[in-house]
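See structure below.
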Ligand code: AMP
């Protein structure tokens, strides 16, 4: 038996407010929503993050994100837009190590997910480009 919380939701061992489900993915309301309709989309095959997710499941997650966004858009909630977010790694804020995408509806510019940035750049844009494109 899996100890992963989201696997337990897939197995229906713990309850969740499921709004879409197919063979590969499941989408349910976040228990601690940042905005009304905040939904998590997960693959039914457990992997800890995006990089370790099989391409098939990654593709299906993307398709489900689109389906759920349409469900939200066509609902009475009527969001203005969405922030799509996936935290990878503890330092990036990941708490549940079963890959998931957050769909966070936006209703006003000063509500929901607010992004702040702190720039501490070590390299110039040219140097970064070289590091990414030059062969070792
Ligand atoms: P992250 O920090 O990206 O790993 O996000 C984990 C998310 O899972 C948080 O937004 C939690 O509120 C959410 N969460 C934790 N437990 C549950 C649960 N039982 N049902 C629905 N969402 C949950």
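We did not get these values from a lab; they are worked out from the coordinates using the rules stated. Here the structure is a predicted model, which means the values were calculated and not measured. Note that we place each Cβ from the backbone using ideal geometry, even for glycine, and neighbour counts take in every protein chain shown.
Candidates in region 37-56 are the residues that are in a helix (DSSP H, G or I) and touching a residue at least 24 places away in the same chain (Cβ under 8 Å); of these, the one that is farthest from residue 87 (Cα to Cα) is 56.
Summed over region 57-91, the residues that are under 13 Å from the mean Cα position of the chain (by Cα), assigned to a helix (DSSP H, G or I) and within 17 Å of residue 30 (Cβ to Cβ) give a count of 5. Scan region 11-36 for residues that are within 13 Å of the ligand (Cβ to nearest atom), under 21 Å from residue 81 (Cα atoms) and assigned to a loop (DSSP other than H, G, I, E, B) and the total you get is 6.
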